[in-house]
Amino acid sequence: MPRKPQKRPGGKGKKRPEVSEFAENEEMRLNKYIAHSGICSRRDADVYIEKGRVKVNGKVVKELGTKVTFSDDVEVDGYQLNLESYIYLLLNKPKDTITTTDDEKGRKTVVDLVESETGERVYPVGRLDRDTTGVLLLTNDGDLANRLMHPSYTIPKIYEVTTDPVLSDSQLQQLRQGVELEDGLSKPYKVKRDLMDPAVISMGLNEGRNRQIRRTIEALGAQVTKLTRTRYAGLSTKGVRMGRWRKLKQKEINWLREIVKLPQKK
């Protein structure tokens, strides 16, 4: 589903993106403009356009093939969009933070952690439970984010799972063979017990169903007492303190784009 457009803090003027395929007077498809503004993918932008929620220079536009330039005024649901620099961040998510852009109960979100210091508007790629810690990507690159979250790309994710009680060898073998849940078989591609602490196991998944690891362990008769995502698409939190973040390197950005079949950035 497309994300709800947010009012941009600060001034109204447009800024020239640092990472952009667009020349000043170059025409681009409207859905590409909307996606590049950071609120959604191109496919979701088409939904906005078809439903008459997009205005170009004050007029509602429903034609999917409409083209605009950098100087045009584009609005979605009354919010003026700006082309913005692509931002790619890796956050070491702490406990007690919600993986969303805002929370109606006023709880701290991962976006609060980043935007309060950087001033950058970014969105989390996928979700981690409130008490799950570790690798979380945030970006305003709508095309990349939506592809990374799409199940067809089977992005590898590795978790460190602490259970109570300790899982037996037979339970680990059952975990490797797959555990049937109400929404289908949960079968990690990796299951390995920690040599130093038998209560800790490493689990690798190529999917990201809601509370999948916790539900899988519960199906084996145990509980998850601690859960950390240690790797996402090969990226880790090495060198990033809990609650802090870093910008992705260019080679990391291009790696992510490569595995979801998007053109690389220079």
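Data for the structure
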{"item": "Reduced Cα scattering model of the range 28-80, Debye log10 I(q)/I(0), q = 0.13, 0.24, 0.32 Å⁻¹", "result": "-0.22, -0.84, -1.65"}
{"item": "Theoretical ellipticity at 222 nm over the chain - DSSP helices of four or more residues, -39500 (n - 2.57) apiece, nearest 500", "result": "-6000 deg cm²/dmol"}
{"item": "Mean shadow area of the chain over all directions, Cα convex hull, nm²", "result": "15.5"}
{"item": "Footprinting exposure proxy for W255, W245 (fewest neighbouring C-beta atoms within 10 Å first)", "result": "W255, W245"}
{"item": "Highest average packing first - 151-158, 61-68, 85-92, Cβ atoms within 10 Å", "result": "85-92, 151-158, 61-68"}
{"item": "Among G126, Y153, L175 - extreme Cα towards positive end, dipole of the range 123-185, charges at beta-carbon", "result": "Y153"}
{"item": "Cα pair distances in the range 156-232, grouped into 10 Å bins until the bin that holds the longest one, percent each", "result": "20, 62, 17, 0"}
{"item": "Euclidean distance of C-alpha centroids, the range 57-102 and the range 220-260, integer Å", "result": "24"}
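Every number here is computed from the coordinates shown, using simple stated rules; none is lab data. These figures come from a predicted structure and were not determined experimentally. With ideal geometry, Cβ positions are generated from the backbone for all residues, glycine too; neighbour counts draw on all protein chains shown.
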